[in-house]
């Protein structure tokens, strides 16, 4: 190869090298610009009517959506909603469902206070815990959703109330200014037996069905 051909070959190699260097530089600049654009383009707020999370099979596992407020639904593997969090008229609510999508527990707010409800698989509410002006109250219900027992507080302390199958008060254990008091009632809602604390000590009172005192121990002047 003569000198001219060698020079010509070298010039061709130089031109090729320049093209390569130029191409790499262009790719580098484009990459930096794209990265900067992506960083600058990350939004502070993403807006949509619904967000859905799916598993590998494309089944929904969670949904975040707007309906009368914000709502979050959690699904089981059978695409049944088992947990729901949302907004209701009086505040927020957390609902727990069984695998048949029936509500078995809920924590929420009404117009006055917070409330926890427990239900059976037929969605019958069997227990409620909520707040009263004096404090907390637990209500226990039968399968017909009728209250048959309650544990709570009054202005003097705690109370326990038991009702019969007809819903009438049958027994009550309460705190009084003098201490504790147990009252037993008949079908007419009359107190027929009472064990109570009085200023001078304990007392047992037995009444007739019309509420008249027949016996009191220790005896008092009230009994003729």
message: Would the stretch 59-147 count as rounded, prolate or oblate if I go by the C-alpha gyration tensor, calling it rounded below 1.5 in a/c and otherwise prolate when a/b exceeds b/c, oblate otherwise?
response: oblate
- line: For 196, 117, ascending order of other Cβ atoms within 10 Å (fewest first) is 196, 117
statement: Length-normalised contact order of the stretch 52-198, Cα under 8 Å, at least 6 apart, in percent, tallies to 9 percent
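No lab work stands behind these numbers, since they all come straight from the coordinates. On a predicted model such as this, the values are computed, not experimentally measured, just so you know. Every residue, glycine as well, gets a Cβ built from its backbone with ideal geometry; the counts of neighbours run over all protein chains shown.
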